Amino acid sequence: MYFDKRKYKGSCPHCEVVIEYHVIIFPVENDDGEMVCTCGACGEEISIPCLNPEESHIISGANKDYVIDYSYEAPSYLTEIDAMFEYNGDIFKNAPSYNSNTISLYSCETCDDNLELIAHQEIDKKFNEFASAINNYTIIDIKGYGFLPEKILVAINFKCSCGTEHKALFYKDYNHCGFASDDFLLANITNTQDLNDKIDGTLTKSDSLEILKKIIVRWELVFDRTYLIFPYVGYYKSPADKTLKLWKEILSQSHSPKLSIVTKTQTLNSFKKAVTTEYLDYKILERFDFTPKAITSAIKNTNSHAKIYCGVSEDYVESISGSANIAQGPSAEQLTFKRYYSYSDFHRRYLAPFNLKEIPEDLFPLKSTHDCHVLFDEDNNFEFKKLYKKQLFKLLD
Ligand SMILES: [Zn+2]
Ligand SMILES: [Zn+2]
Ligand SMILES: [Zn+2]
């Protein structure tokens, strides 16, 4: 039967332990009632008022003992669960996004075409072709013959108006959920102006931020780790909603623990203050584990004014540095893109001087259960192919 599921977190009124539960909602008829539960921590009996108590269920923190349906039973009058939140994934994150109509990361070497825009139009156009190939692979995967890919990669060929051939590389996390062409993120386009040339000069704060949002999406696929090193977000007296919006724009770009934010304690505090102003006491959200991992695991770097953004792997590093903080506005900032072919060389120059034990000289790639992606390349009629992560660089130029 079709139903909707709402996710909640609350706390035990006796001992404050966090209790997570799902409420099932039917399209037409819903019973009002309560789940009578025993707290897993203190053993007290508590009441969780909800719709459809029979079908709704506890995820963690308590045991469901029995249900009361208010249409023919009286309420239990037990102490009710405290501070219930409905949540849907991470409340500080959206899907990664960028605007292909603004300053682009990838330009043709010879013509002025907006290649990002064309690449997105091409993936829309060819969606049905590769989507059926992805579905074919998923059937194999569900039967247990897949190879546990981390991401789906889609490589699309197209020509720009000057006739140059380009290959755009898109990705999304691999799972068995439905998908649309908008879920695929752009990681690279070949035969473009070198990023060394493209990102080198003076530009507005807003354009700098757009460049960073796009490059974080690229680095999420290409590198083992991404470090965003900046002293400030927004301006000194930015209103809470503006500060939060900026944080959200950055935090949304990466959905993995690959991304590390390195910033001043006061800048992290300004995020917490903005959350408290806009939503709810940050400490309460912390207790319910609603705070973004990138913030709770941020690296504090108090004695620094440097702005360095980098994607790093053992043998390859891309970095953008200059004057740009995370901010919007028309005023001028300077940014320069550089490549390094040794992490230890890059670390010695750029990271070691901060003296942070969280950024050691040895790069430990994050533990992953996946050593490969599944590639659907137009050159290969979008038939699936296993691509080891270390082979990825072949697709970049
Ligand atoms: Zn309790
Ligand atoms: Zn559930
Ligand atoms: Zn061209």
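Brief remarks on what is shown
- Here the extension length gained between residue 72 and residue 323 equals 83.6 nm, from 0.36 nm per residue of separation less the Cα-Cα distance.
- Using the 1.4 Å probe convention, the accessible area of the chain works out to 49 Å² per residue with neighbouring protein chains retained.
- Ordered by 1.4 Å accessible area with all protein chains kept, 262, 17 run largest first as 17, 262.
- The alpha-carbon positions of the chain define a convex hull whose volume is 177 Å³ per residue.
- Radius, Kirkwood style, for region 297-357 when every pair of distinct Cα atoms is counted (Å): 12.9 Å
- Distant alpha-carbon pairs in region 9-123 (separation over 18 angstrom), percent: 62 percent
- Most simply put, the chain has about 85% antiparallel DSSP beta bridges, counting only bridges with both residues inside it.
- Amide H contacts of residue 91 (H built 1.01 Å from N, under 5 Å, at least 5 apart or other chain): none
- Size of electric dipole in the chain: Cβ of Lys, Arg +1 and of Asp, Glu -1, about Cα centre, debye, nearest 20: 1740 debye
- Annotation: aspartates and glutamates with alpha-carbon distance below 15 angstrom to residue 272 (same-chain offsets under eight excluded): 241, 281, 286, 289.
- Full extension of the chain between residue 393 and residue 162 yields a length gain of 80.5 nm, computed as 0.36 nm times the residue separation minus the alpha carbon distance.
- Loop sites in region 208-239: chymotrypsin sites (Phe, Trp or Tyr not before Pro), DSSP, at most 11 other Cβ within 10 Å: 236
- When 34, 55 are compared by accessible area of protein heavy atoms, the largest-first order is 55, 34, using a 1.4 Å probe.
- Calculated FRET value between residue 198 and residue 280, using beta carbons and R₀ = 51 Å, to 0.05: 0.75
- Whole-number D in µm² s⁻¹ for region 166-207, Kirkwood Cα-pair radius fed into Stokes-Einstein, 20 °C, 1.002 mPa s: 163 µm²/s
- Gain on full stretching of the segment that runs from residue 84 to residue 22 - 0.36 nm per residue minus C-alpha separation: 21.2 nm
- Cα-only Debye scattering, region 249-366: base-10 log of I(q)/I(0) at q = 0.12, 0.13, 0.14, 0.16 Å⁻¹: -0.52, -0.61, -0.70, -0.90
The values are calculated or read from the model by the stated rules, or taken from the named source; none is laboratory data. Remember, predicted model here, so these are calculated numbers, not experimental data. Backbone-built Cβ (ideal geometry, glycine too); neighbour counts: all protein chains shown. The accessibility values were calculated without ligands, DNA or RNA, using every heavy atom of the protein model including side chains. Shrake-Rupley method; radii C 1.70, N 1.55, O 1.52, S 1.80 Å.
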